[in-house]
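In what follows, a single structure is set out as structure tokens and then discussed.
Coordinate-derived values only; no laboratory data. Since we're looking at a predicted model, the values are computed, not measured. Neighbour counts run over all protein chains shown; Cβ positions are idealised from the backbone, glycine included.
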Amino acid sequence: MTNQPRHSPDAGHSGQPGSPIRHSAVVHHDRGEVEAVQDALESAMAACGYSKASLFAVRLSFQEGIANAFNHGHKNLPPHTPAKVEFAVTPDEVLIAIEDQGPGFKPDAVADCTLDENLEVPRGRGVMLIRAYMHDVRYNDKGNRVEMIFRKPAG
Amino acid sequence: MPSESRLRIRKQDSVVQIEFIDRNILDEGNIQMISEEISRLIDAEASPKLLISFANVDHLSSAALGALITINNKIRQKNGQLRLASIDPQIYEVFVITRLNKLFQIHESVDDAIKSFG
């Protein structure tokens with residue numbers, strides 16, 4: 001069964017020049033729901049003139065944030081537990097917020113996967129990839145909400 | 001009923017050559033299917049020589065990297081060899097950021113990778 005994402009009343013493109021294209025949705029651990037938000041995000045970025053490289057960076061970070069929410073945040077919760085996803089896109093930057101309903105985690109406690117002794121460990125790269133590709137990454141105190149900002153490269 | 005393969009597989013001169021059908025290797029369900037299919041290929045070989053081409057791949061996720069690490073560990077347990085080839089520069093950067101370019105033997109082309117097998 002596929003649950004359709006519930007979009008907020010302001011979901012979709014604002015269409016106003018200079019105002020951010022905002023989107024807010026409640027998504028379940030469902031490929032179709034996640035891709036619907038991702039498609040909306042990428043359409044907004046395309047409308048604001050972001051490059052293919054920027055789309056790559058944001059898509060990767062978005063996917064890693066979603067994976068962390070459902071695979072780690074909701075690990076011990078019922079499988080249909082939804083997460084909240086918001087984004088705001090302007091010609092200068094992309095803000096994405098992903099909030100799960102889990103107990104939270106301490107991002108600084110995640111082992112450094114680039115150390116020689118951790119290279120063969122198959123997990124733990126999502127958080128570092130988000131940090132590598134996004135310009136600003138913040139977690140709330142509880143550790144169940146991540147906000148990430150991508151700034152359009154100059155030129 | 002067996003699920004549809006997400007891979008193109010052919011064996012040439014003892015090397016199992018694998019190509020992805022999907023352009024995006026992001027979805028965990030797909031990654032698990034791909035991982036299981038490659039694991040079966042490894043199980044079927046006494047000393048597996050696997051070449052995975054990323055020629056068609058535009059995006060991958062950390063879950064895909066994790067699957068590759070598990071595959072690499074499995075091949076090494078059987079004294080086999082794994083080569084990766086034809087990785088798009090944007091995706092290669094993901095390997096560099098995670099330092100997995102140090103763990104895997106990565107070649108520019110499938111031909112280069114084939115020549116590298118011992």
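See the values below:
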item	result
DSSP bridge orientation in the protein assembly as shown - percent antiparallel, rounded to nearest 5	70 percent
Leading residue at positive end of dipole, segment B:7-116 (Cβ point charges), from B:Gln77, B:Gln105, B:Ser53	B:Gln77
Full-extension gain in nm, B:Gln77 to B:Asp58, via 0.36 nm per residue minus C-alpha separation	3.8 nm
Taking chain A and dividing mean pair separation by its residue count, relative contact order in percent (alpha carbons under 8 Å, at least six apart)	23 percent
Mean separation of Cα contacts under 8 Å (6+ apart) over length of segment B:7-116, as relative contact order %	26 percent
Size of electric dipole in the protein assembly as shown: Cβ of Lys, Arg +1 and of Asp, Glu -1, about Cα centre, debye, nearest 20	380 debye
Backbone HN-Hα couplings from phi across segment A:53-66 [Karplus 6.51/-1.76/1.60, Hz, Gly and Pro as x]	5, 5, 4, 4, 4, 6, 4, 4, 5, 4, 4, 5, x, 5
Semi-axis lengths (Å, descending) of the ellipsoid that matches the C-alpha gyration tensor of the protein assembly as shown	35, 20, 18
Shielding score for A:62-72, defined as the mean number of other chain Cβ atoms within 10 Å	2
Ascending count of other beta-carbon atoms within 10 Å, so fewest first, for B:Phe95, A:Phe62	B:Phe95, A:Phe62
Residue order, fewest to most surrounding Cβ atoms within 10 angstrom, among A:Val137, A:Val37, A:Val94	A:Val137, A:Val37, A:Val94
For chain A, built as a Gaussian network whose Cα springs stay under 10 Å, the top-fluctuating residue of A:Ala36, A:Ala111, A:Ala83	A:Ala111
Nearest-20 debye value, segment B:7-116 charge dipole, Cβ charges on Lys, Arg, Asp, Glu	480 debye
For chain A, size of Cβ-based charge dipole, Lys and Arg +1, Asp and Glu -1, in debye	160 debye
Cα gyration tensor shape for segment A:42-155, rounded if a/c is under 1.5, else prolate or oblate	oblate
Averaged over B:57-68, number of beta-carbon atoms from partner chains that fall within 10 Å	5
Zero-based 5 Å bins, Cα pair distances in segment A:20-93, whole percents	3, 16, 26, 24, 15, 9, 5, 2, 0
Average beta-carbon neighbours from other chains, 10 Å sphere, peptide B:93-103	4
In Hz, Karplus ³J(HN,Hα) per residue of segment A:146-153 (6.51, -1.76, 1.60; θ = phi - 60°; x = Gly, Pro)	10, 10, 10, 10, 10, 9, 5, x
Mean Cβ neighbour count within 10 Å, used as a protection proxy, ranking B:106-114, A:72-80 highest first	B:106-114, A:72-80
Three principal axis lengths of chain B [C-alpha, angstrom, descending]	38, 33, 23
Projected label distance in nm at B:Ser14 and A:Leu77, using a 7 Å step from Cα toward the beta-carbon	5.2 nm
